[in-house]
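A.B. asks: I'd like to ask you about the structure that follows.
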Amino acid sequence: MNVFERYAPFIQDYIYRSGWQSLRGVQNAAGDAIFGTDGNVLLTASTASGKTEAAFFPILTLLDENPSATVGVLYIAPLKALINDQFGRLSELLEEEGIPVYRWHGDVAQSRKRKLMKKPSGILQITPESLESLMINKHMEIPSLFGDLRFIVIDEIHSLLRADRGLQTFCLIERLTKLAGCSPRRIGLSATIGSPEAAGEFLAAGSGRKTVIPRFEAPKERWRLGMEHFFNTDPQADEGKEVPADVLKPEPSTDTAPKAADPGIAYIFEHTRGRKCLVFTNSREECEAVCQSLRQYCEAAREPDRFLIHHGNLSASYRESAEEEMKDDDSLISVCATATLELGIDIGRLERAFQIDAPFTVSGFLQRMGRTGRRGDPSEMWFVMREEHQEARAMLPDTIPWYLIQGIALVQLYIEERFVEPPRTDRLPYSLLYHQTMSTLASSGEMTPGELASRVLTLSSFARITKDDYRLLLKHLLSIDHINRTENGGLIVGITGERIVNNYKFYAVFRENIEYTVRAGSEQLGTIVKPPPVGDKIAIAGRVWVVEEVDHKRREVCCTLVKGNIPAYFGDVAGDIHTRILERMHGVLSEDKTYPYLMAHAVCRLAEARDTFRKSGMASHPLVHLGGKMWALFPWLGSYAFLALERFLKIRCREKLGLKGLNSSRPYYMQFSMQAGEKEFYEIVRGEAEGEIDPMELVYPKEVPVFEKYDEYVPEELIRKGFALGVLDVEGMRKRVLGWKTP
């Protein structure tokens, strides 16, 4: 098919006006799939490859040829910022065609939403949480809004494949299509899919259609990659050592960072000067700390402030001003950011990304790398791995630079195997089951238990949940007044349940801390958790503020700007690291291979780590003697298999081994004391693993491991079952233990 000729005339005109010489591979392949089949389509192509246009050009052509009587395209994205970005691009394309584009999220004015409700048509862009709100609060209008819905486009679908938020999104899609009586095709877009076939099944679940995954020749990826290591105080790892002449060196800098500056942050300060860069961190706290330091260095060097900040706890105005600044091609401002700028927002000609420490996933690394390299330039990322100097008496496990090794493993896994984390499809999402039960009752009103089960339990996300489990949940919800039984025997939301459902925070299934709005005069800065007392200082928006007043009733903190540097706190962040990453980390330490992207300090620090690895015996055996009765275990397992092993040792093996004081640094190592010797350890642990292991055994007596947002409203029995069978990777752990050989 000549895809360009098949496009609507206004799209052909847009392509001419934009100066395109030809269509890209992904655009031809997507056109063939969308025009030539009636299936769902999963488009996987690198960042900035033109996926959005590849999907929307054929969709808009079909909509132009046969206009929809309601909203024709529902576009779901995980971030408001991504919706705002795509809204601008689509509005420009459709300006003269009479196909309206609407946004629907918390920052959009009610007048815009009313306009859509009055005359539903065109494209609606929405987050999963706003779609949940729409399903509850505009339940009766769903058929008139979506009765003739043709397509559902799910952007950055990889971000929805490993958590409850993705399952919630697909529950909502199934509920909406049943209620509206429509059968739209689903189009998934992503730059980083680990298993396209598994993701295709995930995309198709409950749609009654198969997923087409177009194959095409992608342009060769071009990277500029650097990785450097810094101790937080001098000396650095290469001091007094001979470094090979061919080791990668950054371009010279003018070196105006303050003398006492943190070497890693000073390095970023120097190499962002005169450039537009992103500085990625793995948490909001670290993002605030890094931005504070960089701004202080500007002040000390008498330079204008050239750093902005972007994360999920900042107010919309702060986030949007950072986004606008990044889109300005003449701007030389850098932005400190978390995952909020990881996804597909077009931030113009970005020259370089920095990553402080290793991200948790290959997917996260690729997304962050993909922020750069648009408009024909190679993608460029510089890793900055930071570490404290170890005390002379530090134990062996603390002497390994884990983040440096993890960073190398992430890069090598992708280069060598194109590995990206696959979807997680084996969980038991009881928290989400509670949420969708309450949402369905809140939107539809009274239902019999059978009707409710037929609406909720038939959703694809709950395929592993039994009728007995659901019966148990409903009985529990009746007992805690979250649902009530009517005189007719029907079920409705109870008074206690209403207090939860009627709060706007109900729409989200990800866990949130209790947040306080922070204001300086009339300006809203963002939100924090655990506000300090009046007179204390807080860190937000990359600056330090003194607290003038805390209103606990309204959950507001009033403050004024001061100078200084203090840590921020926004709540806990957990990492989910795949077993393949830990296995490749073992490979990094085992091999003598050099990596062309390592810089001088990193080369020397890796050499030290490899030397420690070899001398300690870690290379051949996971159990290492630390002296006396102290041992360290290096299982090279991902987060959930590591957690299963930890519990297996404590519950099944403790007495036989004489195990005491087991402490973990997940997922890298465990330290403990034991009475048994090395040979006995392997024999006992392997012997226990050879027998049957019931995952429920690995939940401690009376333990209720609350992981997800609504677990507190789920019967304890189901929480324990969900953790044992849906979180702990018992099979992965068992396989590893049975592979251990006695020395």
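A.B. asks: In region 122-135, is there at least one residue being open to solvent by 20 Å² or more (accessible area, probe 1.4 Å) and either within 24 Å of Ile59 (Cα to Cα) or of a type in the set (A, V, I, L, M) (or both)? Even if it seems obvious, please write down each step before you answer.
C.D. replies: Step one: filter region 122-135 for residues open to solvent by 20 Å² or more (accessible area, probe 1.4 Å), giving 129, 133.
Pick out the ones that are also either within 24 Å of Ile59 (Cα to Cα) or of a type in the set (A, V, I, L, M) (or both) and you get none.
Among the residues of region 122-135, not one is open to solvent by 20 Å² or more (accessible area, probe 1.4 Å) and either within 24 Å of Ile59 (Cα to Cα) or of a type in the set (A, V, I, L, M) (or both), which makes the answer no.
A.B. asks: While we're here: Kindly indicate the residue of region 584-619 that is closer than 21 Å to Tyr414 by Cβ and of a type in the set (S, T, N, Q) and also surrounded by the fewest Cβ atoms within 10 Å (Cβ to Cβ) among those meeting that condition.
C.D. replies: Thr594
A.B. asks: Anything in region 261-276 that is modelled with pLDDT of 90 or more and crowded, with 22+ Cβ neighbours inside 10 Å? List them, or say none.
C.D. replies: Gly264, Ile265, Tyr267, Ile268, Phe269, Thr272
A.B. asks: How about region 563-580: which of its residues are open to solvent by less than 50 Å² (accessible area, probe 1.4 Å), modelled with pLDDT under 90 and on the phi < 0 side of the Ramachandran plot?
C.D. replies: Residues satisfying the conditions are Ile566, Ala568, Phe570, Gly575, Asp576.
A.B. asks: List pairs: first residue in region 210-231 and in contact (Cβ under 8 Å) with a residue 40 or more places away in the chain, second residue part of a loop (DSSP other than H, G, I, E, B) and aromatic (Phe, Trp, Tyr) anywhere in the structure, Cβ distance under 7 angstrom, at least six positions apart or on different chains.
C.D. replies: From residues that are in contact (Cβ under 8 Å) with a residue 40 or more places away in the chain, the pairs are Leu225/Tyr597; Gly226/Tyr597; Met227/Tyr597.
A.B. asks: Moving to a separate point now. Going by what's in this entry, would Thr177 be described as open to solvent by less than 30 Å² (accessible area, probe 1.4 Å), modelled with pLDDT of 95 or more and of a type in the set (Val, Ile, Thr)? I'd like the intermediate steps shown before the answer.
C.D. replies: Numbers: open to solvent by less than 30 Å² (accessible area, probe 1.4 Å): yes; modelled with pLDDT of 95 or more: yes; of a type in the set (Val, Ile, Thr): yes.
Criteria met by Thr177.
A.B. asks: Could you please give the count of residues in region 180-201 that are modelled with pLDDT of 90 or more, in a helix (DSSP H, G or I) and not aliphatic (A, V, I, L, M)?
C.D. replies: The number of residues fulfilling the criteria is 3.
A.B. asks: Same structure again: Checking the structure you have, find out if any residue of region 416-423 is over 17 Å from Glu708 (Cβ atoms), open to solvent by less than 20 Å² (accessible area, probe 1.4 Å), touching a strand residue (DSSP E or B) at 6+ places or on another chain (Cβ under 9 Å) and outside any helix (DSSP H, G or I).
C.D. replies: no
A.B. asks: Of the residues that make up region 381-399, is at least one crowded, with 23+ Cβ neighbours inside 10 Å, assigned to a loop (DSSP other than H, G, I, E, B) and under 23 Å from the mean Cα position of the chain (by Cα)?
C.D. replies: No: region 381-399 contains no residue that is crowded, with 23+ Cβ neighbours inside 10 Å, assigned to a loop (DSSP other than H, G, I, E, B) and under 23 Å from the mean Cα position of the chain (by Cα).
A.B. asks: Of the residues that sit in region 269-291 and are among the basic types (Lys, Arg) and assigned to a loop (DSSP other than H, G, I, E, B), which one is nearest to Phe87 (Cα to Cα)?
C.D. replies: Keep residues of region 269-291 that are among the basic types (Lys, Arg), which gives 273, 275-276, 284.
Subset that is assigned to a loop (DSSP other than H, G, I, E, B): 273, 275-276.
Values: Arg273: 32, Arg275: 27, Lys276: 24 Å.
My answer is Lys276.
A.B. asks: Kindly establish whether Arg464 is at positive phi and either at pLDDT 95 or above or of a type outside the set (S, T, N, Q) (or both). Outline the logic, then answer.
C.D. replies: Numbers: at positive phi: no; either at pLDDT 95 or above or of a type outside the set (S, T, N, Q) (or both): yes.
Judged against the criteria, Arg464 is not a match.
A.B. asks: Give me the residue from region 711-729 that is of a type in the set (A, V, I, L, M, F, W, C) and more than 15 Å from Asp694 (Cα to Cα) and, out of that set, modelled with the lowest pLDDT.
C.D. replies: The first filter runs over region 711-729 and keeps only residues of a type in the set (A, V, I, L, M, F, W, C), leaving 714, 718-719, 723-725, 727-728.
Cutting the leftovers down to more than 15 Å from Asp694 (Cα to Cα) gives us 714, 718-719.
Working: Val714: 96, Leu718: 96, Ile719: 93.
So the residue we want is Ile719.
A.B. asks: In this structure, does Arg371 turn out to be open to solvent by less than 10 Å² (accessible area, probe 1.4 Å), part of a loop (DSSP other than H, G, I, E, B) and closer than 23 Å to Phe87 by Cβ? Give the steps one after another, and end with the answer.
C.D. replies: On the way: open to solvent by less than 10 Å² (accessible area, probe 1.4 Å): yes; part of a loop (DSSP other than H, G, I, E, B): yes; closer than 23 Å to Phe87 by Cβ: yes.
For Arg371, the condition - open to solvent by less than 10 Å² (accessible area, probe 1.4 Å), part of a loop (DSSP other than H, G, I, E, B) and closer than 23 Å to Phe87 by Cβ - is met.
A.B. asks: In contact with a Cys (Cβ under 6 Å, 6 or more places away or on another chain) and assigned to a loop (DSSP other than H, G, I, E, B) - does that describe any residue in region 148-158? Walk me through how you get there before you give the answer.
C.D. replies: First pass over region 148-158, keeping only residues in contact with a Cys (Cβ under 6 Å, 6 or more places away or on another chain): 149.
Remaining after also requiring assigned to a loop (DSSP other than H, G, I, E, B): 149.
For region 148-158, residues in contact with a Cys (Cβ under 6 Å, 6 or more places away or on another chain) and assigned to a loop (DSSP other than H, G, I, E, B): present.
A.B. asks: With the requirement that a residue be of a type in the set (Gly, Ala, Ser), open to solvent by 30 Å² or more (accessible area, probe 1.4 Å) and either modelled with pLDDT under 90 or in contact with a Cys (Cβ under 7 Å, 6 or more places away or on another chain) (or both), what does region 202-245 give you?
C.D. replies: Ala218, Gly240, Ala245
The values are calculated or read from the model by the stated rules, or taken from the named source; none is laboratory data. Since we're looking at a predicted model, the values are computed, not measured. All Cβ positions, glycine included, derive from the backbone under ideal geometry; neighbour counts span all protein chains shown. Calculation scope for accessible area: heavy atoms of the full protein, side chains included, ligands and nucleic acids excluded. Shrake-Rupley method; radii C 1.70, N 1.55, O 1.52, S 1.80 Å.
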